[in-house]
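Trainee: Right, I'll just put the structure down here and ask away after.
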Amino acid sequence: MNEDGRRRELGDNDGPVEQEIEESFDRIVEEGAQRLARSWTTILVTGAFGGLEIGVGVMAYLAVLHQTHDHLLAGLAFGIGFIALLLAKSELFTEGFLVPIMAVAAKEANFSQLFKLWGGTLVMNLAGGWAFMWIVVQAFPQWKVELHEAATHFVDAGFTWQSVALSVLGGSTITLMTRMQHGTDSDPAKMAAAIAGGFLLAGLQLFHSILDSLLIFGAIHAGAPVGYLDWLGWFAYTLPLNVLGGLLLVTALRLLRNKELIKERRDEAPQEPGADRPH
């Protein structure tokens with residue numbers, strides 16, 4: 001008996017991988033298909049809420065940073081934003097590097113739906129975050145120093161190997177956080193993953209196209225000597241490198257790990273991705 005046959009004999013399922021991996025894969029594909037089937041209105045609204053809710057995390061981050069001047073402690077507080085996203089079922093652009101792509105790979109959706117989700121979510125994350133940060137700056141003008149320092153940390157970095165590495169790590173870290181949350185049914189475990197992800201992203205000041213854009217927007221609102229062209233120059237390379245980090249370091253390996261499950265799912269799929277399956 002070969003290794004695969006032995007695994008099937010010992011396991012509780014007849015699939016080509018362990019039961020836990022198969023169940024996690026099914027959850028990811030089904031959620032991804034549902035998210036990709038959203039209307040334009042739903043995508044825009046959930047994207048706007050995503051910007052507002054990640055802004056809550058930024059607000060918590062700035063509050064702790066103002067009191068402690070410690071980025072690691074502030075990073076723990078930022079996890080509140082990811083918890084809000086998790087429980088409110090909103091959409092953050094950089095969370096779309098695993099779940100929707102799995103659905104496309106399994107032929108449960110198509111690339112046009114993926115780009116629709118990405119584009120609408122990205123624009124509305126930024127718009128919602130921009131508006132929320134205006135409110136935050138009016139409420140807490142004493143945070144101007146922290147906002148200025150945070151913004152200049154990013155926009156003055158320049159396109160260097162360090163910036164490339166920080167951007168790639170930013171994309172891979174949040175994609176891994178998403179994978180961890182989909183690997184369990186436990187809400188406390190999902191929230192622990194959210195706190196861990198927030199600690200790494202904000203505490204280590206990794207380059208994250210949405211999170212750090214909100215900090216830069218806050219600095220602009222507060223009158224710091226930072227402008228939208230400065231933000232755009234930083235954003236132009238951070239965004240694709242976030243995508244690269246999420247896709248290359250996490251998603252591509254998960255696709256390879258689940259290649260048998262993906263093949264089975266594609267073989268059962270209708271001719272047109274996203275259509276009803278044959279009975």
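Trainee: Where the only charges are on Cβ atoms (+1 Lys, Arg; -1 Asp, Glu), what is the dipole of the chain about its Cα centre, to the nearest 20 debye? It would help to have the intermediate numbers written out before the result.
Mentor: Working: 19 positive and 30 negative charges, 109 e Å.
Dipole of the chain, to the nearest 20 debye: 520 debye.
Trainee: At a 1.4 Å probe radius, which order do I220, I80 fall into by accessible area, largest first?
Mentor: Descending accessible area places them as I80, I220.
Trainee: For R179, R27, R35, write out the residues from largest to smallest accessible area, computed with a 1.4 angstrom probe and no ligands counted.
Mentor: R27, R179, R35
Trainee: Using a probe of 1.4 angstrom, how much of the accessible area of the chain is carbon and sulfur, in percent? Can you show the working numbers first?
Mentor: On the way: 8150 of 12900 Å².
Carbon and sulfur atoms account for 63 percent of the accessible area of the chain.
Trainee: Follow-up question, since we're still on this one. Can you send over the solvent-accessible area of H182, 1.4 Å probe, protein chains only, in Å² to the nearest 10?
Mentor: Looks like 20 Å² after rounding.
Trainee: Hydropathy first: keep DSSP H helices in the chain averaging at least -1.0 on Kyte-Doolittle, then drop any whose Cα extent along the axis falls short of 20 Å, and list what survives.
Mentor: 19-36, 40-68, 71-88, 111-139, 161-182, 228-246
Trainee: How far is the Cα center of the range 229-250 from the Cα center of the range 131-157, in Å?
Mentor: Cα centroid to Cα centroid, the span is 21 Å.
Trainee: Could you please state, rounded to a whole Å, how far the C-alpha centre of the range 60-129 is from the C-alpha centre of the range 20-44?
Mentor: 15
Trainee: So, one more: With charges set only on the Cβ (+1 for Lys and Arg, -1 for Asp and Glu), what does the dipole of the range 30-110 come to about its Cα centre, in debye to the nearest 20? Don't skip to the end; give the middle numbers.
Mentor: Values: 4 positive and 7 negative charges, 32 e Å.
Once rounded to the nearest 20, the dipole reads 160 debye.
Trainee: Could you order Y228, Y61, Y237 by accessible surface area, starting with the largest, using a probe radius of 1.4 Å?
Mentor: Largest accessible area first, the list is Y228, Y237, Y61.
Trainee: For a quick check of understanding: with a 1.4 angstrom probe and all protein chains in place, what accessible area in square angstrom does F49 have, to the nearest ten?
Mentor: My reading of the accessible area for F49 is about 100 Å².
Trainee: Find, to one decimal place in angstroms, the Kirkwood hydrodynamic radius of the range 81-143, where the mean of 1/r is taken over every pair of different Cα atoms and then inverted.
Mentor: This gives a value of 13.5 Å.
The values are calculated or read from the model by the stated rules, or taken from the named source; none is laboratory data. Quick caveat, the model's predicted, so the values are computed rather than measured. Here Cβ is always computed from backbone atoms with ideal geometry, including for glycine, and neighbour counts include all displayed protein chains. When the accessible area is computed, the model is the full protein with side chains, heavy atoms only, and any ligands, DNA or RNA have been set aside. Shrake-Rupley method; radii C 1.70, N 1.55, O 1.52, S 1.80 Å.
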